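See below for the structure under consideration.
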2 protein chains.
Amino acid sequence: MRAAVFRGPGEIAIEEVPMPEIDSPTDAVIRVTHTAICGSDLWFYRGQTDMTEGERVGHEPMGIVEEVGEEVTSVKPGDTVIAPFAISCGECEFCRKGLYTSCVEEESWGGENGGGQGEYVKTPYADGSLVKVPDEHADDEGTLEKLLPLTDVLGTGHHAAVSAEVGPGDTVVVIGDGAVGLSGVLAAQRLGAERIIAMGHHEDRLEIAEEFGATETVAERGDAAIERVQELTNGGSNHVMECVGASASMNTAIEVARPDGTIGYVGVPYGVETDGLDLLSMFRNNLTLQGGVAPVRDYAEELMADILGGTLDPSPIFTKTVDLDGVPEGYEAMDQRDAIKVLVKM
Amino acid sequence: MRAAVFRGPGEIAIEEVPMPEIDSPTDAVIRVTHTAICGSDLWFYRGQTDMTEGERVGHEPMGIVEEVGEEVTSVKPGDTVIAPFAISCGECEFCRKGLYTSCVEEESWGGENGGGQGEYVKTPYADGSLVKVPDEHADDEGTLEKLLPLTDVLGTGHHAAVSAEVGPGDTVVVIGDGAVGLSGVLAAQRLGAERIIAMGHHEDRLEIAEEFGATETVAERGDAAIERVQELTNGGSNHVMECVGASASMNTAIEVARPDGTIGYVGVPYGVETDGLDLLSMFRNNLTLQGGVAPVRDYAEELMADILGGTLDPSPIFTKTVDLDGVPEGYEAMDQRDAIKVLVKM
């Protein structure tokens, strides 16, 4: 089989690799039909985080079950399934409470499981991890492309909204116009927010934000952006969704939050250790900071129901489509910000 | 009148100063009968934060109303009152929602209002700030000493517990054995916590923690302390109260929190900018961080009811008593950790 492999910063190669095999009764092997490239893949692509050379990459697979171990009961060969970016046993304390990302089994994509950007993957704990697409929707290409973001960004944007305690009638600020920020706008709109102020720096992305439900957009940078939001909200918002994951954007979130407000954050907070977090302002204003790595498995069913029901469609975040051979080009497009998110169709 | 005045790091002097005067119809002048020295006073005393030379200090006054402006309706001359460390108008958006510390009027002790460690203070917004002690308790010295911590540390400890979402049956970790940490133990116990693990470094203070309801104490330092708590809680607690306010203690809170747990923090987070906060661990474990400067005015009535009802007594935190002339000695005792908290009786 063939798969995308990391060969060093800026280098993704498509190579022949061993087929994954069932070696535990709870495993399932999936033939990947659709996957995506994630903003978080750019961290290792840009050499900003470590990645072993030769590692298979990708963590957002969707596809058809090829084979299952003897204890797997929730899916069977032929089923179309979504595999969230975090693998979860479904049975430990944390999975039981919905925090699948803290599963005690600590399994992940890569290694023997393979990466999402490859022809096949093995999912350990198939019953705890996989989400079945109802058969009547499994052959509809348009629907599948809408469902694919359930593997990561749609659930992550939703986690930002839930963590920011967004509810009906609220005024919400969403920081970031990447795939997660845009998914966050969708999620806030779905949860009933009345005003959604989207902050970002790209006109084309902010246009999608408006399609997704943003009532106002703020394209300014730095202090000008903060002043604009302060002005629009008469002193800050009670609900702020931080969808970037950097010191500057975290501090922007703190500055645009209203005293007693809640910041939901879902971007890996790179750079905070060195560049600082304005905790003193958080302290003075009694801000709540919650969120973290999104347990997207927990949100899959409710979001899928709305997608299948026709009221939710995140697929406009895919602004470029490639096949497996096009994955290296997909990374380049995302690195250059020529694409918001790249869909990979095998 | 006489008052404690800051004369430079390590120097508190008792000096003759002008009497505060009513100059707004919402003011009240209070003759201070009891006050205290706060752990946060040590920051300027040690030269770690700025304080204007000549400034009158102290922010925890209790006393008898001497005179009120013509619009004051909730207290009258002769009433015994408690004045929380934050002055609040009682009528703005934030006061109305209980976040008195974010009052838009931004009034504070010091300057023309005088400091709590002086014979008289002026309280602007008397109706929004002062809490009346019921007449039948106003002459009981023992009761007054129990009520004085409502001006700051008892409400602050309670805010840590509320922010950590402590409830009946919970296992709670309290970090810090100063007056706020000990008040936090009391608050957690009052809210029904089943297990309270108190972390600190002083045997005598941890003994008070046990009197206050701590079921276990951890006196170890650094990694040994974290390991001990991890062991006691089988991997961390869902409720952590950070009652110190420093980078190291914040990071300890993160390390002893269970995935999905909530950290309530109430100590001014000095040093976090330079020494860092382990936000990446918070992110991985989906920890919630909430709290900040405690709106003690909001908690005064409910806590006072329990003190007057005989079920709550924070007064053991006062391990040294001085008069006004003894205030400099009181600062020294707290700086040297010879006293947990100093009571000042005029």
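For the reader, a short list of remarks on this structure follows.
- Additional length obtainable on full extension of the chain from B:Glu112 to B:Trp43, 0.36 nm per residue less Cα span: 22.6 nm
- Residue exposure proxy: B:Thr49, B:Thr288, ordered by other Cβ atoms within 10 angstrom of their Cβ from fewest to most, comes out as B:Thr49, B:Thr288.
- Legend: ranking of residues A:Val5, A:Val244 from fewest to most surrounding C-beta atoms inside 10 Å; resulting order A:Val5, A:Val244.
- Residue order for B:Tyr270, A:Tyr265, fewest other beta carbons within 10 angstrom first, comes to B:Tyr270, A:Tyr265.
- Taking the C-alpha atoms of the protein assembly as shown, convex hull volume expressed per residue in Å³: 154
- Per-pair calculated FRET efficiency, R0 = 56 Å: B:Arg7 and B:Arg284 via Cβ, rounded to 0.05: 0.70
- Nearest residue to the symmetry axis between A and B, taken on chain A by its Cβ, in whole Å: A:Leu289, 2
- For B:Ala248, the label point sits 7 Å beyond Cα toward Cβ; its separations from the matching points on the remaining copies run 3.4 nm, from shortest to longest.
- Averaged over the residues of peptide B:275-284, the number of Cβ atoms from other protein chains lying within 10 Å of each residue's Cβ is 6.
- For B:Ala339, the residues whose amide H sits under 5 Å from its own are B:Met334, ignoring neighbours fewer than 5 places away on the same chain, with H placed 1.01 Å from N.
- Remark: mean inter-chain Cβ contacts per residue of A:88-95 equal 1, using a 10 Å Cβ-Cβ cutoff to other protein chain atoms.
- Angle between chain B longest axis and helix B:247-256 axis [Cα atoms, degrees, rounded to 10]: 50
- For chain B, built as a Gaussian network whose Cα springs stay under 10 Å, the top-fluctuating residue of B:Gly292, B:Gly114, B:Gly155: B:Gly292
- Label distances, nm, A:Ala219 versus same residue in remaining copies, Cβ-directed 7 Å point: 6.5
- Residues in the stretch A:88-96 carry Karplus couplings, in order, of 9, 6, x, 10, 7, 3, 6, 4, 4 Hz; the curve used is 6.51 cos²θ - 1.76 cosθ + 1.60 with θ = phi - 60°, and Gly or Pro positions show x.
- For A:His201, the amide hydrogen comes within under 5 Å of the amide hydrogens of A:Asp177, counting only partners 5 or more places away or on other chains and with H modelled in the peptide plane.
- Relative contact order [Cα under 8 Å, 6+ residues apart], the stretch A:154-291, whole percent: 25
- Candidate lysines for bridging to A:Lys320, where Cα separation is under 20 Å - those fewer than 8 sequence places away on the same chain excluded: A:Lys146, A:Lys341, A:Lys345
- Candidate lysines - alpha carbon under 19 Å from B:Lys76, same-chain residues fewer than 8 apart omitted: B:Lys122, B:Lys132
- Between B:Thr274 and A:Thr274, the distance separating the two model label sites (each 7 Å from Cα on the Cα→Cβ line) works out to 2.0 nm.
- B:Gly10 label point (Cα plus 7 Å toward Cβ) to equivalent points in the other copies: 5.7 nm, shortest first.
- Cα gyration tensor category, rounded, prolate or oblate, for the stretch B:1-102 with a/c compared to 1.5: oblate
- Gaussian network model of chain A, springs between alpha carbon atoms under 10 Å - residue of A:Ala333, A:Ala198, A:Ala188 with greatest fluctuation: A:Ala333
- Rounded FRET efficiency, nearest 0.05, which uses the C-beta distance separating B:Ala305 from A:Glu141 and R0 of 60 Å: 0.40
- In terms of its alpha-carbon gyration tensor, the stretch A:154-291 comes out rounded; the largest-to-smallest axis ratio a/c stays below the 1.5 threshold.
- Sites B:Glu71 and A:Gln230, calculated FRET efficiency, Cβ-Cβ separation with R0 30 Å, nearest 0.05: 0.40
Read the figures in this text as sums done on the coordinates, not as results from a lab. Keep in mind it's a predicted model, so treat the numbers as computed, not measured. Methodologically, a virtual Cβ is constructed for each residue, glycine included, from the backbone with ideal geometry; neighbour enumeration extends over all protein chains shown.
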